[in-house]
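Student: This is the structure I want to talk about, given as structure tokens.
The values are calculated or read from the model by the stated rules, or taken from the named source; none is laboratory data. Note that the coordinates shown come from a computational prediction; the quantities given were computed from them, not determined experimentally. Methodologically, a virtual Cβ is constructed for each residue, glycine included, from the backbone with ideal geometry; neighbour enumeration extends over all protein chains shown.
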Amino acid sequence: MEVIIRPDPEQAADLAARLIAARLRAKPDLVLGLATGRTMERVYDRLVAMREKEKLDFSGCRTFNLDEYIGVPAEDERSYRYYMNHHLFRRVNVDLANTHVPDGMAPDLGAEAVRYERQIHEAGGIDLQLLGIGEAGHIGFNEPLSALRSRTREKALTPVTRRQNAAMFGGDPDKVPPRALTMGVGTILEARELLLLATGAAKASILAKAVEGPITAMISASAIQLHANCKVVVDEQAGRELQGREYYDWVFQNEPEWREFCA
Ligand code: F6R
């Protein structure tokens, strides 16, 4: 794992976007795993800017989102399908038919989960999975005690997560859907590369536990320590409880793979 600490949320998002763009340029039919949430909005804005200014090409790209609320239709602005269309898909030249978000309205959610896993498999697996981290320590909606080998499935959301996501539901945590369909931790770990982005002081404590603490199903994000190709990009605020800062900074400044991103 490598941890990169940038001075502010803009520069952290910029680095994440440039990494995604580099992978897309190297492999135009990239299978890209995506996340929603406030942290990612800056990343998507930058990808859109790269589309406009540099003609970054999404036409061959296929995408799979991590999760979706159960019972919120795609056309509802609070759904993750709506979020993705709004923040990224309709603003770049991706073929909407190649974008995938689990269907939280499926009559048989178990069958939908199996279908989603099969689609990822048929696409050849995910090349690069973008991740945020929730205050409950989740990646996707893998709430505490999610098995580290779990697959796409229904998951009940914790009160912490429903509070964190209440803004879109009139500020009322009780209005946040209680359940979601989410890729499992095992599904996420099968991606060939992971890129976790965290910004803001509210993430500092949980981020340090996930990166430097013991691997535990109580904090599903800690499972990224099991991945052989994982990058964690944070801003100063989110990185302020990390113990190994000096070493992480040295790696970023000196290792050749980061040269093009250091400027
Ligand atoms: C959303 C997702 C979540 C978020 C996390 C952080 O698709 O997978 O794990 O990435 O809850 O959300 P924000 O960025 O809103 O703090």
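Student: Can you say whether N85 is more than 25 Å from S220 (Cβ to Cβ) and not in a loop (DSSP other than H, G, I, E, B), as far as the supplied structure shows?
Tutor: It is true that N85 is more than 25 Å from S220 (Cβ to Cβ) and not in a loop (DSSP other than H, G, I, E, B).
Student: Also, quick follow-up: Report, by residue number, each residue of segment 48-70 that is hydrophobic (A, V, I, L, M, F, W, C) and within 15 Å of the chain's Cα centre (by Cα).
Tutor: F64, L66
Student: Kindly indicate the residue of segment 16-37 that is among the aliphatic types (A, V, I, L, M) and away from the ligand (no atom under 16 Å from the Cβ) and also farthest from E257 (Cα to Cα) among those meeting that condition.
Tutor: Filtering segment 16-37 for residues that are among the aliphatic types (A, V, I, L, M) and away from the ligand (no atom under 16 Å from the Cβ), the one farthest from E257 (Cα to Cα) comes out as V31.
Student: Just wondering, is there one or more residues in segment 203-210 that are among the small types (G, A, S) and more than 21 Å from A147 (Cα to Cα)?
Tutor: yes
Student: Can you go through E246, E241 and tell me which one is part of a loop (DSSP other than H, G, I, E, B), of a type outside the set (A, V, I, L, M) and more than 14 Å from M1 (Cα to Cα)?
Tutor: E241
Student: Please determine whether any residue of segment 109-125 is buried (at least 16 other Cβ atoms within 10 Å of the Cβ), under 19 Å from the mean Cα position of the chain (by Cα) and not in a helix (DSSP H, G or I).
Tutor: yes
Student: Restricting segment 38-82 to residues that are in a strand (DSSP E or B) and free of Cβ contacts under 8 Å to residues at least 60 places away in the same chain, which is nearest to the ligand (Cβ to nearest atom)?
Tutor: Step by step, filter segment 38-82, then rank; the result is N65.
Student: I'm told H86 meets every condition in (1) within 19 Å of the chain's Cα centre (by Cα); (2) buried (at least 16 other Cβ atoms within 10 Å of the Cβ) except one. Can you identify the failing condition by its number?
Tutor: Status for H86: all satisfied but (2).
Student: If you don't mind, another one. Residue under question is M105, and the condition is that it be buried (at least 23 other Cβ atoms within 10 Å of the Cβ) and either aliphatic (A, V, I, L, M) or under 21 Å from A16 (Cα atoms) (or both); does it hold?
Tutor: Against the criterion (buried (at least 23 other Cβ atoms within 10 Å of the Cβ) and either aliphatic (A, V, I, L, M) or under 21 Å from A16 (Cα atoms) (or both)), M105 does not qualify.
Student: Quick test for you: out of D172, D235, pick the one residue that is among the charged types (D, E, K, R), out of contact with any Ser or Thr (no Cβ under 9 Å at 6 or more places or on another chain) and at pLDDT 95 or above.
Tutor: Result: D172 is the single residue among D172, D235 that is among the charged types (D, E, K, R), out of contact with any Ser or Thr (no Cβ under 9 Å at 6 or more places or on another chain) and at pLDDT 95 or above.
Student: What single numbered condition from (1) closer than 21 Å to E10 by Cβ; (2) touching a helix residue (DSSP H, G or I) at 6+ places or on another chain (Cβ under 8 Å) fails to hold for R163?
Tutor: Tallying (1) closer than 21 Å to E10 by Cβ; (2) touching a helix residue (DSSP H, G or I) at 6+ places or on another chain (Cβ under 8 Å), R163 fails exactly one: (1).
Student: Given (1) without any contact (Cβ under 8 Å) to a residue 60 or more places away in the chain; (2) on the phi > 0 side of the Ramachandran plot; (3) of a type outside the set (V, I, T), identify the lone condition not met by Q164.
Tutor: So the condition that Q164 fails would be (2).
Student: I'm trying to understand the selection: among the residues of segment 3-19, which are touching a residue at least 60 places away in the same chain (Cβ under 8 Å), in a helix (DSSP H, G or I), of a type outside the set (S, T, N, Q) and more than 13 Å from A49 (Cα to Cα)?
Tutor: Correct list: P9, A12, L15, A16, L19.
Student: Restricting to segment 129-176, and then to whatever is of a type in the set (D, E, K, R) and part of a loop (DSSP other than H, G, I, E, B), can you tell me which residue is farthest from the ligand (Cβ to nearest atom)?
Tutor: The selected residue is R149.
Student: Okay, next question. Consider only pairs whose beta carbons are under 8 Å apart and that are at least six residues apart or on different chains; among these, list those whose first residue lies in segment 112-127 and is within 21 Å of A228 (Cβ to Cβ) and at pLDDT 95 or above and whose second residue is in a helix (DSSP H, G or I) and not polar (S, T, N, Q).
Tutor: I126/I120; D127/R23
Student: Out of all the residues in segment 177-225, which are within 15 Å of the ligand (Cβ to nearest atom), in a loop (DSSP other than H, G, I, E, B) and β-branched (V, I, T)?
Tutor: Within segment 177-225, T199 is the sole residue that qualifies.
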